[in-house]
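One structure is given below, encoded as structure tokens.
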Amino acid sequence: MKYLLWFDAVLAAVGGVMMISVGFVGGVFWLYLDASPKTRSGLPSVAIITACFAALFGIALAAFFGLRRARSWHWVAQSLLVLSLPLIYELIIAQLQTQ
């Protein structure tokens, strides 16, 4: 279980860092909405990618704390994490390919 705990922690850290980084880019896009039409059209994609990383962060963090504290629901959180990873991946790839 120790390796699963580390895996959850790494996914939560990656999700949190990427959420902050892409969220910062979204904030800059929002500040410069009128700079060019491409900036205005790119903001929804950046917002969706930020939301995907926020979801990854939240789900992985819940799985981490559920496993660390040996809660009865930690397998539900682990299953939700495993099921959400392909969906998050597909959403991010779809947004990146539209630009």
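Read-outs: derived from the displayed coordinates by stated rules, not from any lab. Keep in mind the model is a prediction, meaning the values are calculated, not measured. Every residue, glycine as well, gets a Cβ built from its backbone with ideal geometry; the counts of neighbours run over all protein chains shown.
Okay, here's what the table says:
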quantity	calculated
In the range 1-49, the residues that are among the hydrophobic types (A, V, I, L, M, F, W, C) and outside any helix (DSSP H, G or I)	1, 33, 35
Members of the range 39-84 found to be touching a residue at least 60 places away in the same chain (Cβ under 8 Å) and under 22 Å from residue 22 (Cβ atoms), listed by number	81
